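Enquirer: Quick one: the structure is below, and I'll ask about it shortly.
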Amino acid sequence: MTRSLFGTDGIRGTANDDPMTADMALRLGAAAGRYFRRGHQGVHRVVIGKDTRRSGYMFETALTAGLTSTGMSVLLLGPVPTPAVGLLTPSMRADVGIMISASHNPAEDNGIKFFGPDGFKLSDEAEAEIERLVEEGVEPAKAHNIGKAKRIDDGRFRYQERVKSTFPTDMRLDGMKVVIDCANGAAYRAAPEVLWELGAEVIAIGVEPDGFNINANCGSTKPQAAAARVLAEGADVGICLDGDADRVIIIDEKGKVADGDQIMALMAAQWAEEDRLRGGTLVATVMSNLGLERFLQAKGLRLERTGVGDRYVVEAMRAGGWNLGGEQSGHIVMTDYATTGDGLMAGLQFLAAMTRTGRRASELANNFDPVPQMLRNVRFGAGQLPLETEGVKAAIASAEIELNGKGRLLIRKSGTEPLIRVMAECEDPAMLAAVVDRVVGAVEEVV
């Protein structure tokens, strides 16, 4: 069974444009309710969280209507990070968790992500079955079986306590000055409160959401404002989250940005020293830098690569029994603590390393020299299939021949936006730029 509605991380698009419409959310809610009830009697619950986008109100209401129409009772968490939904779904004995967010995308976009009763994102097969129910429609419950909805006031506090429990109990952040950029998103209250309660001097930015400024010139995809604030305040470190707080980027005291690869390198090495890294393996995607792989190999560790998307990282981790993985973009997955990427938890792990070692952020965030890497995106229109044209295929084949033995090339269609992503790595920067320019040019000719 194939999927066309779901991408690599749920359903995503521009609000009020297909598929991100209120009608689709209503049908999705009904389909998910029918799928997770499966005809069973008794109490059936769903928890729904959202980020700070204005359209979240619309989708929250439509999903609630669809779910209650099939007999599901809905618990509304309000604005919480995506990992909070993953944690609270099993904690609150819910049959399904739903997060309304488009993550790092601009405010006009939104998305819907599903979590199973175990708190992990759904499999491709489960998503395909929900798609089938959306297409076929579902019979609503009888009037006396309609579900109800209520708001949960303590969801954020439950999550914050769980996050704090991952920080070593014998440590405090007293005397540490931390800039936290919450991207005007879901963690705008949770992240600063957790850091302050652990003892840090907190300088919070990106904590004034208005429904339209999420990820706008802030957060993990735009860390320049946080880097400038770190320098201006003389802070020890900066932590940048994205709109739903499942990603993190670290900024050292010199204003230099460290991506997910550098964070994973630090954690993998430290966990291996502590005999905590299961199987001596870190799981990352094909986007992670070759420098990370070489760093791990030098320490007798291995890198297991997956397709792009943190859900595929998690699937590989669960299948292999590994407990650390993530993406270059900043998803850091620690299955000892969480069911999906958690930017705040990962940030606390970095702060714990600073506290434990007494070393500065710049000493911990630069673990290897990255192989020169270039990523460019080409936007395409509805109905276009640029990767299937002969000219693009020929350009890709030629680039792969040129890079053979000198680097690597990765061309893929984004699972969350209408983009073709062209990524290459090569020790020769001039060759790297030339190869990427040719492939991008070939794609641009047909879109």
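The values are calculated or read from the model by the stated rules, or taken from the named source; none is laboratory data. Predicted model, so just to flag it, every value in this text is computed and none were measured. Ideal geometry is used to build each Cβ from the backbone, glycine not excepted, and the neighbour counts take in all protein chains shown. To get the accessible areas, we keep the full protein, side chains included, count just its heavy atoms, and leave off ligands, DNA and RNA. Shrake-Rupley method; radii C 1.70, N 1.55, O 1.52, S 1.80 Å.
Enquirer: Got a sec? Charge dipole of the range 306-447, +1 on Cβ for Lys and Arg, -1 for Asp and Glu; which of PRO370, VAL436, LEU410 is way out at the positive end?
Expert: Of the options given, the answer is PRO370.
Enquirer: Under 13 Å from the Cβ of GLY405, count the other residues' Cβ atoms, weight Lys and Arg +1, Asp and Glu -1, and hand me the total. Walk me through the numbers on the way to the answer.
Expert: Numbers: positive: LYS406, ARG408; negative: GLU400, GLU402, GLU425, GLU427, ASP428.
Here the charged neighbours net out to -3.
Enquirer: Taking the chain as a Gaussian network, where each spring joins two C-alpha atoms under 10 Å apart, which residue of GLY111, GLY29, GLY415 fluctuates the most?
Expert: In the Gaussian network model the winner is GLY415.
Enquirer: Here's something else I'd like to know. Which order, highest average first, do 164-173, 332-341, 423-432 follow once you tally other Cβ atoms within 10 Å for each residue and take the mean per peptide?
Expert: Numbers: 164-173: 13.8, 332-341: 22.7, 423-432: 17.0.
In descending order of packing, they fall as 332-341, 423-432, 164-173.
Enquirer: Farthest toward the dipole's positive end in the chain, which of MET99, ALA235, ILE180, given Cβ charges of +1 (Lys, Arg) and -1 (Asp, Glu) about the Cα centre?
Expert: MET99
Enquirer: How large is the charge dipole for the range 212-269, taken about the Cα centre, if only the Cβ atoms of Lys, Arg (+1) and Asp, Glu (-1) carry charge, to the nearest 20 debye? Each step should come with its number before you reach the end.
Expert: Working: 5 positive and 9 negative charges, 38 e Å.
The dipole of the range 212-269 has a size of about 180 debye.
Enquirer: How many angstrom lie between the C-alpha centres of the range 241-275 and the range 29-87?
Expert: Rounded to whole Å, the Cα centres lie 32 Å apart.
Enquirer: What is the dipole size for the chain, taken about its Cα centre, with +1 at each Lys and Arg Cβ and -1 at each Asp and Glu Cβ, in debye to the nearest 20? List each step's numbers first, then the result.
Expert: On the way: 50 positive and 61 negative charges, 193 e Å.
With Lys and Arg at +1 and Asp and Glu at -1, about 920 debye.
Enquirer: Give, in nm to one decimal, the length gained when the segment between GLU390 and ALA143 is fully stretched (0.36 nm per residue of separation minus the Cα-Cα distance).
Expert: Values: separation 247, 0.36 × 247 = 88.92 nm, distance 5.67 nm.
Separation in residues times 0.36 nm, less the Cα-Cα distance, equals 83.3 nm.
Enquirer: Can you check what the net charge comes to around GLY320, using other residues whose Cβ is under 9 Å from the Cβ of GLY320 (Lys, Arg +1; Asp, Glu -1)?
Expert: Working: positive: ARG278, ARG318; negative: GLU304.
Result for the local shell: +1.
Enquirer: Using heavy-atom solvent-accessible surface (probe 1.4 Å) with all chains present, what is the largest-first order of ILE401, ILE98?
Expert: Working: ILE401 130, ILE98 0 Å².
In descending accessible area the options line up as ILE401, ILE98.
Enquirer: Oh, and also: Could you pull out every residue, at least 5 positions away or on a different chain, whose amide H is within less than 5 Å of the one on ILE180? Hs are placed 1.01 Å off N in the peptide plane, and Pro or chain starts have none.
Expert: Correct list: ILE203, ALA204, ILE205, ILE239.
Enquirer: Alpha carbon centre of the range 334-384 versus the range 137-156: separation in Å?
Expert: What the calculation gives is 38 Å, centre to centre.
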